[in-house]
1. Need at least 3 residues that are buried (at least 19 other Cβ atoms within 10 Å of the Cβ) and touching a strand residue (DSSP E or B) at 6+ places or on another chain (Cβ under 8 Å) per element, so show me which strands (runs of 3 or more DSSP E) inside the stretch 24-138 make the cut, counting only ones lying wholly within it.
2. Only one of 164, 110, 156, 178 is under 24 Å from residue 75 (Cβ atoms) and at pLDDT below 90; which?
3. If you go through the stretch 251-258 one residue at a time, do you hit one that is assigned to a strand (DSSP E or B) and assigned by TED's automatic domain parsing to the domain that holds residue 10?
4. Identify the single condition in (1) over 30 Å from residue 253 (Cβ atoms); (2) surrounded by 14 or more Cβ atoms within 10 Å (Cβ to Cβ); (3) at pLDDT 85 or above that residue 145 does not satisfy, given that it satisfies every other one.
5. Out of the residues in the stretch 185-198 that are touching a helix residue (DSSP H, G or I) at 6+ places or on another chain (Cβ under 8 Å) and free of Cβ contacts under 8 Å to residues at least 40 places away in the same chain, which is surrounded by the fewest Cβ atoms within 10 Å (Cβ to Cβ)?
6. Identify the residue in the stretch 200-243 that is near the ligand (Cβ under 9 Å from one of its atoms) and free of Cβ contacts under 8 Å to residues at least 40 places away in the same chain and, among all such residues, is nearest to residue 27 (Cα to Cα).
Ligand SMILES: C[S@@+](CC[C@H](N)C(=O)[O-])C[C@H]1O[C@@H](n2cnc3c(N)ncnc32)[C@H](O)[C@@H]1O
């Protein structure tokens, strides 16, 4: 299996040729909004989840970015079904993170609020072997924690083991991440020839959190090549699958300025 290339085929075929326990991380967004093309749940999510489980190293993770459509006034709950499927076949649902769109596409949603988020499920094969969390400065660094402390909501109880401890200067951010979507999510104009690209920052945050330089990152639905670009920039090895020749061509054109050594002839 060659790294640094996008295989123009169904991801199940790519994974069939892959050694077991090969991947440190998969980050991907399944084609959930094309449900009509896949006749509802005939999108083979069980088969894909099973293959990903076999191909992921123990301690590796899958970041599965997915939302729900509303059909005839009823949310599909595709996201929940996918999460239950991954759990049933052996992954842990390690963290259900939320990706909030800072600038959601304007739409008339009838008698409901504007839809502005997707799930970023972190499915892990056992305990994640790498976690390098994003942190933020704390406001009360150095202060000692007492039995009660003032919180935004009033006085809060503190667990016994935390009393007397000094507040650290940094803390982990929450599992709700905000990203710009649309043209401000990437400078690569060509990427927008694909209808549903990842914000580049989302991919960077997730790759940095769950892998080390040199690790192997896979995207089974590579689309415009966002995962390939960011993995390369962060010194990770990468490979992907994309069933559409048109999108593979877009991805390679996008990647060429960043990865001049890319073997364009290898596409497909
Ligand atoms: C939501 S898009 C992914 C976009 C990508 N995250 C990006 O930043 O450009 C899903 C992609 O999966 C591709 N696809 C659908 N079924 C596939 C399959 N079985 N194997 C590989 N690719 C597939 C579609 O052609 C589409 O480009």
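1. It comes to 56-66, 92-101, 117-124.
2. That would be 110, the only listed residue that is under 24 Å from residue 75 (Cβ atoms) and at pLDDT below 90.
3. There is no residue in the stretch 251-258 that is assigned to a strand (DSSP E or B) and assigned by TED's automatic domain parsing to the domain that holds residue 10.
4. Failing condition for residue 145: (3).
5. 192
6. Looking at the filtered set, the residue picked out is 200.
The values are calculated or read from the model by the stated rules, or taken from the named source; none is laboratory data. The model shown is predicted, which means the values in this text are computed figures rather than measured ones. Every residue, glycine among them, receives a Cβ derived from its backbone with ideal geometry; neighbour counts consider all protein chains shown.
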